[in-house]
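Single-structure report; data block below.
The values are calculated or read from the model by the stated rules, or taken from the named source; none is laboratory data. These numbers come from a predicted model, not from an experiment. Reconstructed Cβ throughout: ideal geometry from the backbone, glycine too, with neighbour counts over all protein chains shown. With ligands, DNA and RNA removed, areas are computed over all heavy atoms of the protein, side chains included. Shrake-Rupley method; radii C 1.70, N 1.55, O 1.52, S 1.80 Å.
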Amino acid sequence: MDENLYRLDVAAQRLAVHTETIKRWASSGKAALIELPGGHLRIAESEIVRLMGLRSRRNQNAETQPAPEA
């Protein structure tokens, strides 16, 4: 079964980040992108879901951390 591939602008909307953020994640090894023969970049749906999960867990951890005292 072939997986759906998305343009970075669509993925960025779903992840609530900028397209450049996704490119930085890819450069640092945090995200996997697919380069098409014409040089266009795409991201697999499963990678978007994985990144959404990581961001969700990070946000949950931030909410459970005690606020710094002033």
Study note, to complete from the structure: If we ask which residues in region 28-61 are open to solvent by 80 Å² or more (accessible area, probe 1.4 Å) and part of a strand (DSSP E or B), their number turns out to be 1
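Do you know which residues across region 11-27 are open to solvent by less than 40 Å² (accessible area, probe 1.4 Å), part of a helix (DSSP H, G or I) and either within 17 Å of residue 53 (Cα to Cα) or among the basic types (Lys, Arg) (or both)?
If the condition is that a residue be open to solvent by less than 40 Å² (accessible area, probe 1.4 Å), part of a helix (DSSP H, G or I) and either within 17 Å of residue 53 (Cα to Cα) or among the basic types (Lys, Arg) (or both), then 11, 12, 15, 21, 22, 26 are the ones that fit.
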Review point. Out of all the residues in region 15-36, which are of a type in the set (S, T, N, Q) and more than 10 Å from the chain's Cα centre (by Cα)?
Key: 27, 28
Exercise for review: For residues that are assigned to a helix (DSSP H, G or I) and not charged (D, E, K, R), scanning just region 1-10, find the one that is surrounded by the fewest Cβ atoms within 10 Å (Cβ to Cβ).
Suggested key: 10
